[in-house]
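Visitor: Before we start, here is the structure in question, set down as structure tokens.
Just so you know, all these numbers are worked out from the coordinates, no wet-lab data involved. Computed from a predicted structure; not experimentally measured. Don't worry about glycine lacking a Cβ; one is built from the backbone with ideal geometry, like all the others, and counts go over all protein chains shown.
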Amino acid sequence: MKKGKIDFHCQSIYQVDPLFFKELRIKYLVVDLDNTLSVPHLKVPSLDSVNLKNTLEKMGITLIVLSNNFPYRVRPYCQNLGVTYLSFSLKFFAFRIRGFLKKKQIKIEECLFAGDQLITDMNYANKLKGRFLLTEPLVEKDNFFAALTRKKDAKRRRLMKESNQLGLECPTIKRGA
């Protein structure tokens, strides 16, 4: 099994207590689109996405979307949400992401990278030497390319869990408190 570092894990980005992001002193939450921020193929942001973006903004944290998916998928969603994004990001190599962050004058140490896949999301975050938050996929349905790696990802995730390598569990929002 290839090594990889996960700093934090959670069921869903929407269950993380927003104060946790503030405590990390991040300025940017850089999130994968499909199966982390949104169910695949949805072009209009969910109320959860809008609420997350607005909550983060109030805390001085900017939400950014990174996706391996094509612009025709990513652009409408992110424009409707009003966030900066990078589509067709070639996460496996990380060079496009590094260039994107540099162009936007964003320091890697000011970011928390979040995604639902080890093979793409964890790998690019590790290559950038950034902090990584692993989520569970929002739904079982995947786009074509993600579906190709999902079985391998599930096995690797299981092995990492068994060897206590999933990082710290994020504090969750206290409902009804």
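Visitor: Run the numbers for residue 90 and residue 17: contour at 0.36 nm per residue of separation, minus the present Cα-Cα distance, in nm. Spell out each step's value before the answer.
Guide: On the way: separation 73, 0.36 × 73 = 26.28 nm, distance 2.98 nm.
Additional length available on full extension: 23.3 nm.
Visitor: Only bridges with both residues in the chain count here: give the DSSP antiparallel percent, nearest 5.
Guide: On the way: 1 of 23 bridges.
Antiparallel bridges: around 5 percent, rounded to the nearest 5.
Visitor: Need the C-alpha centroid separation for segment 26-44 versus segment 69-134, integer Å.
Guide: 10
Visitor: With a point put 7 Å past each Cα toward its Cβ, work out how far residue 159 is from residue 42 in nm, to one decimal.
Guide: 3.3
Visitor: Next up: Using 0.36 nm per residue, how much length does the chain from residue 80 to residue 149 gain when fully extended, once their Cα-Cα distance is taken away?
Guide: Numbers: separation 69, 0.36 × 69 = 24.84 nm, distance 2.87 nm.
My answer for the length gained is 22.0 nm.
Visitor: Only counting other Cβ atoms within 10 Å, I'd like 9, 41 sorted with the fewest neighbours first.
Guide: Working: 9 19, 41 11.
Lowest to highest Cβ neighbour count: 41, 9.
Visitor: Please label the shape of segment 71-124 as rounded, prolate or oblate, based on the square roots a ≥ b ≥ c of the eigenvalues of the alpha-carbon gyration tensor (a/c under 1.5 means rounded; beyond that, a/b larger than b/c means prolate, else oblate). Walk me through the numbers on the way to the answer.
Guide: On the way: a/c = 1.61, a/b = 1.21, b/c = 1.33.
Note, shape of segment 71-124 comes out oblate.
Visitor: Run the numbers for residue 136 and residue 57: contour at 0.36 nm per residue of separation, minus the present Cα-Cα distance, in nm.
Guide: Values: separation 79, 0.36 × 79 = 28.44 nm, distance 2.40 nm.
Roughly 26.0 nm would be gained on extension.
Visitor: Does segment 1-93 come out rounded, prolate or oblate, given a ≥ b ≥ c as the square roots of the eigenvalues of its C-alpha gyration tensor, rounded meaning a/c under 1.5 and, failing that, prolate meaning a/b above b/c? Mind showing how you got there, number by number?
Guide: On the way: a/c = 1.68, a/b = 1.07, b/c = 1.57.
Note, shape of segment 1-93 comes out oblate.
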